[in-house]
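S.K.: Provided herewith is a single structure, encoded as structure tokens, for subsequent inquiry.
The values are calculated or read from the model by the stated rules, or taken from the named source; none is laboratory data. Computed from a predicted model, the values in this text were never measured in an experiment. Positions of Cβ are backbone-derived with ideal geometry, glycine not excepted, and every protein chain shown enters the neighbour counts. For accessibility, only protein heavy atoms count, side chains too; no ligands or nucleic acids. Shrake-Rupley method; radii C 1.70, N 1.55, O 1.52, S 1.80 Å.
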Amino acid sequence: MSELSLHDIHLAHQRIQGLVRRTPLEHSPSLSRLVGVPVYLKLESQQLTGSFKLRGASNAVACLDDQQRARGVVTASTGNHGRALAFAASQLGVQATVYLSQLVPANKVQAIRDLGAEVCIAGLSQDDAQHAAQRHAEEQGAMLVPPFDHPAVIAGQGTLGLEIIEQLPDVSQVLVPLSGGGLFAGVALALKSLNPAITTHGISMRRGAAMHASLQAGHPVEVQELPTLADSLGGGIGLDNRHTFTLTQRLLDQLHLLEEASIAAGLRHAYHQERQVLEGAGAVGIAALLDGLVPARGPIVVVVSGRNVDTAQHLRVMNGDHA
């Protein structure tokens, strides 16, 4: 079991002050009416790089000593984590190298490059990019900062949980997007450490949910990655997962899997009712409420994790062309 504790999250909170935004917690009249209890949206989509990933990346870079900072940081990414690490490194004067596969869209590649990171295109898959990043770390001595299964990254994401408790001390249930588990593990550890009575809900898509399959098997397993509106929740948890699997196993109360049509409905609700342009992964908590999957016990907080959506895809969903 991981030794990560609430103390680590408090330390992360101190480290990243001034590097990340304290994001708003906004009451949702429409969702509150629907569920029958107060519902609030934790708008991490308003973070500086458009997603929660900046918290973990900032803490990981801030933890480095002078020698490690001089050698730089390296990661592999499909988008949000690479962008967050590039931004965090630039804020702290550290050189970042981000490995991306040839599948990553050109606009995401350019966005990371614009933040001052060195971008390396390696192979045709996320696995290829990951292997290249690991080789770079071994050969250059750079610090490898993985997207979720890393104590400093988990502790950084956990600062979001601290903010929820500060902003709404009597919160009863929290809905968190669940993929590799960095966000869920950090937030749930913060919440449960401060109030074990809080119910934690992990929300994922039905198509290729690696953490769900791993929890069912009792150990990390590989799943086929499938196209989904919640593309940020795709990918595996790593067969050698050391932290997020056991934390999720211990701290998860309920797990909900969503159909693509439900995620599309969540995106449309976010836009039309909440005036929020979100990526699919950022709307899964809203979708779970629309589907009636969460009992009416409030207050409820929905973690809205990100807004970095492809605009053409978002337009298709708004027009009802997808799902």
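S.K.: Just GLN276, GLN17, GLN67 to compare: in a GNM of the chain, with alpha carbon springs under 10 Å, which one fluctuates most?
M.R.: Sorting by GNM fluctuation, first place goes to GLN67.
S.K.: Moving on to the next point. Amide H of VAL74 versus every other amide H placed in the peptide plane: which residues, excluding those fewer than 5 positions away on the same chain, fall under 5 Å?
M.R.: Long-range HN contacts for VAL74: THR97, MET143, LEU144, VAL145.
S.K.: Quick one: pull the percent of accessible area on the stretch 184-231 belonging to carbon and sulfur, 1.4 Å probe, ligands and nucleic acids left out.
M.R.: Answer for the stretch 184-231: carbon and sulfur cover 48 percent of the accessible area.
S.K.: Here's something else I'd like to know. Can you give the extra length, in nm with one decimal, that the chain gains between GLU26 and GLN68 once fully stretched, where that is 0.36 nm per residue apart less the Cα-Cα distance?
M.R.: Once the chain is fully extended between GLU26 and GLN68, it gains 11.2 nm.
S.K.: A further question follows. Share of the stretch 120-177's accessible area from carbon and sulfur, percent, 1.4 Å?
M.R.: Reported share for carbon and sulfur atoms: 53 percent.
S.K.: Tell me whether the stretch 106-207 comes out rounded, prolate or oblate; compute the Cα gyration tensor, take square roots of the eigenvalues as a ≥ b ≥ c, and use a/c under 1.5 as the rounded threshold.
M.R.: It is prolate, given that a/c is not under 1.5 and a/b is the larger ratio.
S.K.: Additional query: Each residue of the stretch 126-139 in order: what ³J(HN,Hα) in whole Hz does its phi give by Karplus 6.51 cos²θ - 1.76 cosθ + 1.60, θ = phi - 60°, with x for Gly and Pro?
M.R.: Using θ = phi - 60°, the values come out as 4, 4, 4, 5, 5, 4, 5, 5, 5, 4, 4, 4, 5, 7 Hz.
S.K.: Send over the per residue convex hull volume for the stretch 34-87, Cα only, as a whole number of Å³.
M.R.: So the per-residue Cα hull volume is 98 Å³.
S.K.: Moving on to the next point. Which value, in Å², gives the accessible area per residue of the chain when a 1.4 Å probe is used on the protein heavy atoms?
M.R.: With all protein chains present, the chain gives 41 Å² per residue.
S.K.: Determine the percent antiparallel among the DSSP beta bridges restricted to the stretch 24-122, to the nearest 5.
M.R.: For the stretch 24-122, the DSSP antiparallel bridge percentage is about 25.
S.K.: Next question. Nearest-5 percent of antiparallel DSSP beta bridges in the chain?
M.R.: 10 percent
S.K.: Near LYS53, which aspartates and glutamates are there with a Cα under 12 Å away, not counting those fewer than 8 places off in the same chain?
M.R.: GLU44
S.K.: Report the longest stretch of the chain that contains none of the trypsin sites (Lys or Arg not before Pro) sitting in a DSSP loop with at most 16 other Cβ atoms within 10 Å.
M.R.: Of all site-free stretches, the longest is 23-205.
S.K.: For a test of the definition: using alpha carbon positions, the gyration tensor, and the 1.5 limit on a/c, classify the stretch 196-323 as rounded, prolate or oblate.
M.R.: Oblate shape, in that a/c is at least 1.5 and b/c is the bigger or equal ratio.
S.K.: Same structure again: Pop out the carbon and sulfur fraction of the accessible area of the stretch 26-98 as a percent, whole number, probe 1.4 Å.
M.R.: 45 percent
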